[in-house]
């Protein structure tokens, strides 16, 4: 009897094993398989049917991704090549006979879904939500290793990975919020408008609090346990939402949502997957207003929990279609009071109570409320002030991370520009003179009283001014005595250095990084709180401005703030010695990246760099407090940081070194980047930078200098002429050799470049329109032949 029972159990196990093998085999995706958005199959399902991989609708086309199958709608958890544009219904997804998974668009271009070191022989969509590729039953690639905005049960987030939010629930391209497992063990959420990893304290809005430990892994298990693990397998539990339902299938996911909040969801399935429900079981923040960047620039968040909204400040209007989350813009012309010594702009000040800005002010001074309000009116850089506990905090535009709450006992003054300039030096002339003599005693008495009152008032003002002066001197000395370190500090803005400090920082100017139009640049090291900071120190040449004028210009340049500008940290001015201290960027210049790389930089990186440069120039022309014409845009003055973000350097120096000049004397602009108006001694405008950008754009496209002598034919020597000839003849592929590029984007970029280098400055587009055309928001008409081609460099 026992023998019979043992045989029966053995047969039962064998049957189950065979059935499992059959299920696994039936779920394997074989070489030669394909998907199409408009024909079956359009996706490959997991064995349970709860997950699917394939085409799903997005925008006006389709994307490739993984989703949880449910009613009334599917939930996307992973998207391939998420920042590529949607494809049409004529696209196909092919698992080729060569073992490669590629997306083929209707125009024949192929985009790989997975970067493989080896070829695959099969694939599978697993019930965990993981899509895997096999070689001889070994997993050689899996979607779990490349998360987008979601973790599923059984998936990890390591220190090399990040979760980046989607733009919206219907647009799964990279949004502006980032969740990263830092190297110090802290899980941190950031606002990141560039869509690239940035980990500065100013952009962080939530942290797990495990900083300083050796936590290195975020894990979500299949039972709804969200944990941080250290190197010793010790766990810190963030959320425990295990569900004990016996007849329900439950799937957990943790997603950083488009509103910046990191949430954990569970999905219940009933009646064999014909119905499902979804609910939030944990979130890192309860209030959307705590998320930096939830509301755009020059707007603020108000409300509690999910019942929040974004509002423009008085004097600002919504940028786009009543979407306040995109930010607001000024509905007046920005002030141009800098340099207008004898002119005063008329302002209105509006007041908002209970305001807060998470951004750092550029000035913090203790003063009375009315004095605080007045100080902003008199400061050209001030866009708003926040008065709290006797402190006057001044902010420049744009205003970031605004929040309004009844729990805050603060007062904000927003500056509104009103009216025009008035010259207060113009004397007021009476219509007819009044004669004073002894026969008019009442008038004489009135004049005497008036003069006496004016004398007393002047005396009182003099005493008050003296006392205020003494108070400020005392405050300044107290601040100097309490200074933490003689080096750099993150809490303060641009700083003045002594020549001895910078000489020691560079070891007597030992290591030269490069030499540009305005002098040599040296590598240096300066002390900061808790360590040291590598900086780039530029020794300026031929600067004739006095110390006071130089300090004024450097302060103005230091107040610029944009992710595509090299940050000015400080300066030194001692007689003829004038130096600038910049942030150090390790990846060198765009010229090295384009012209001196053994391997041609990939197309997507070049497109992104072109947009970076355009956005930096737009900020200089239209958005910073001091409008700046760079006058020397070229690859050597564009630097790249660790993530290959382009940053423009030497901005503002042309204005400093060429005051009241319209010729090119005193500045070295090489490589054909010189606008024609320089040679004609014509008035200089922002359009000279547009011309230079056009040349740089063509150089980025072709990865070659604008003037190249070692070429096959004479027609190719001048890049601008060659680019137009290729465009006119429909042979743009010659510009990019045998490189695989987006042909529509290539044509758009070439047309934009040719518009920028038009001989007539009025034909060149503004930088704002350049960006809109590059992004595809604005149509690019056919450019005329750019007449001005010259080899005089």
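The values are calculated or read from the model by the stated rules, or taken from the named source; none is laboratory data. Model, not experiment: these values are computed from the prediction. Positions of Cβ are backbone-derived with ideal geometry, glycine not excepted, and every protein chain shown enters the neighbour counts.
For this structure, a couple of remarks:
- Just so you know, in segment 140-160 the residues that are free of Cβ contacts under 8 Å to residues at least 24 places away in the same chain and buried (at least 16 other Cβ atoms within 10 Å of the Cβ) include one that is nearest to the chain's Cα centre (by Cα), and it is 144.
- Condition broken by residue 725, with the remaining ones in (1) outside any helix (DSSP H, G or I); (2) at pLDDT 85 or above; (3) more than 25 Å from residue 618 (Cα to Cα) satisfied: (1)
- Residue match in segment 396-411 (condition: closer than 30 Å to residue 287 by Cα, modelled with pLDDT of 75 or more, part of a strand (DSSP E or B) and in contact with a helix residue (DSSP H, G or I) (Cβ under 6 Å, 6 or more places away or on another chain)): yes
- Candidates 301, 312, filtered to the one that is at pLDDT 90 or above, under 23 Å from residue 351 (Cα atoms) and either in contact with a strand residue (DSSP E or B) (Cβ under 6 Å, 6 or more places away or on another chain) or in the same structural domain as residue 222 (by TED's automatic domain parsing) (or both): 301
- Single residue of segment 97-136 satisfying the filter (at pLDDT below 90 and touching a helix residue (DSSP H, G or I) at 6+ places or on another chain (Cβ under 8 Å)) that is surrounded by the most Cβ atoms within 10 Å (Cβ to Cβ): 109
- Whichever residue in segment 575-606 is touching a residue at least 12 places away in the same chain (Cβ under 8 Å) and assigned to a helix (DSSP H, G or I) and, among such residues, is surrounded by the most Cβ atoms within 10 Å (Cβ to Cβ): 590
To keep it simple, each residue is scored yes or no on (1) surrounded by fewer than 20 Cβ atoms within 10 Å (Cβ to Cβ); (2) modelled with pLDDT of 75 or more; (3) within 26 Å of the chain's Cα centre (by Cα).
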| residue | (1), (2), (3) |
| --- | --- |
| 632 | no, yes, yes |
| 642 | yes, yes, yes |
| 652 | no, no, yes |
| 663 | yes, no, no |
| 670 | yes, no, no |
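- Those residues of segment 680-700 which are under 22 Å from residue 608 (Cβ atoms) and out of contact with any helix residue (DSSP H, G or I) (no Cβ under 8 Å at 6 or more places or on another chain), in sequence order: 692
- So residue 749, is it surrounded by fewer than 20 Cβ atoms within 10 Å (Cβ to Cβ), in a helix (DSSP H, G or I) and touching a residue at least 12 places away in the same chain (Cβ under 8 Å): no
- Each residue in segment 375-387 was checked for being outside any loop (DSSP other than H, G, I, E, B), crowded, with 16+ Cβ neighbours inside 10 Å and without any contact (Cβ under 8 Å) to a residue 40 or more places away in the chain, and 6 pass.
- Flag if residue 94 is assigned to a loop (DSSP other than H, G, I, E, B), at pLDDT 90 or above and out of contact with any helix residue (DSSP H, G or I) (no Cβ under 6 Å at 6 or more places or on another chain): no
- Hits in segment 345-373 (condition: crowded, with 17+ Cβ neighbours inside 10 Å and assigned to a helix (DSSP H, G or I)): 372, 373
- Of the listed requirements (1) farther than 21 Å from residue 673 by Cβ; (2) at pLDDT below 90; (3) surrounded by 20 or more Cβ atoms within 10 Å (Cβ to Cβ); (4) touching a strand residue (DSSP E or B) at 6+ places or on another chain (Cβ under 8 Å), residue 556 misses just one: (4).
- Against the conditions (1) farther than 28 Å from residue 627 by Cα; (2) surrounded by fewer than 12 Cβ atoms within 10 Å (Cβ to Cβ), residue 775 satisfies every one except (1).
- Inside segment 752-770, residues that are in a loop (DSSP other than H, G, I, E, B) and at pLDDT 90 or above make up a count of 5.
- Which listed residue is surrounded by fewer than 15 Cβ atoms within 10 Å (Cβ to Cβ), more than 14 Å from residue 591 (Cβ to Cβ), modelled with pLDDT of 50 or more and not assigned by TED's automatic domain parsing to the domain that holds residue 553, from 683, 676: 683
- Scanning segment 532-547 for residues that are surrounded by 14 or more Cβ atoms within 10 Å (Cβ to Cβ) and at pLDDT 85 or above yields 533, 535, 536, 537, 538, 539.
- With respect to being touching a residue at least 40 places away in the same chain (Cβ under 8 Å), assigned by TED's automatic domain parsing to the domain that holds residue 155 and not in a strand (DSSP E or B), residue 108 falls outside the description.
- Qualifying residue in segment 683-702 (condition: in contact (Cβ under 8 Å) with a residue 60 or more places away in the chain, farther than 24 Å from residue 604 by Cα and in a loop (DSSP other than H, G, I, E, B)): yes
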